[in-house]
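Read through the structure below, which is laid out as structure tokens, and then see the notes.
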Amino acid sequence: MYTHLLVPMDGSPLSDHALDQALSLARALGARVTLFTVVEPFHAIAYTPEQVVESASSYEAHARAAADRRLQDAAARAAAAGVAHRTEVAMGEDPHEAIIAAARTHGCDLVAMASHGRRGFKALVLGSVTAKVLTHSEIPVLVYRRPAQ
């Protein structure tokens, strides 16, 4: 069965839900996890408010600090669940490529991640990191969807 899960996180509530589910799975399997997040570089044409109001250097510092906080929280949750873990932040233009590379580098045998379930125009414009990981990964991917309301 699976022994090492890569758990990519983007800081969203759905990503937090996927983290909880992945930790439960890892605990049941006796697996370890690598908690992973990607900091995308500053863009002149921005998609987030933080990128619009900040310079490249201050954006990177704030984004890195947010990633570190996200991983510290995830590590605390993993420790509370009794799951062996490590954390990693990567800088990258293409999060799906960073996720796949991290899974390979760390010898993960499952990627467990969230999908926001965007469809139509939103999916076309925003893309889907999860869909790209599913398409390009040779490692199995477990996708957690939005919990039923």
Self-check item: Residue count, segment 95-138 (criterion: at pLDDT 95 or above and open to solvent by 30 Å² or more (accessible area, probe 1.4 Å))
Solution: 9
Practice problem: Would you check which residues across segment 1-44 are in a loop (DSSP other than H, G, I, E, B), open to solvent by less than 60 Å² (accessible area, probe 1.4 Å) and more than 17 Å from Ala81 (Cβ to Cβ) and list them? | Solution: Gly11, Ser12, Pro41, His43
Exercise. Find all pairs meeting these conditions: Cβ atoms under 8 angstrom apart; at least six residues apart or on different chains; first residue within segment 64-83 and in contact (Cβ under 8 Å) with a residue 40 or more places away in the chain; second residue basic (Lys, Arg).
Key: Ala81/Arg27; Gly82/Arg27; Val83/Arg27; Val83/Arg32
Quiz item: What's the number of the condition Pro41 fails, among (1) in contact with a helix residue (DSSP H, G or I) (Cβ under 9 Å, 6 or more places away or on another chain); (2) more than 27 Å from Pro147 (Cβ to Cβ); (3) at pLDDT 95 or above?
Solution: (3)
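The values are calculated or read from the model by the stated rules, or taken from the named source; none is laboratory data. Note that the coordinates shown come from a computational prediction; the quantities given were computed from them, not determined experimentally. In this analysis, Cβ positions are derived from the backbone assuming ideal geometry, glycine residues included, and neighbour counts consider all displayed protein chains. Please note that ligands, DNA and RNA were not included when accessible areas were found on the heavy atoms of the full protein model with its side chains. Shrake-Rupley method; radii C 1.70, N 1.55, O 1.52, S 1.80 Å.
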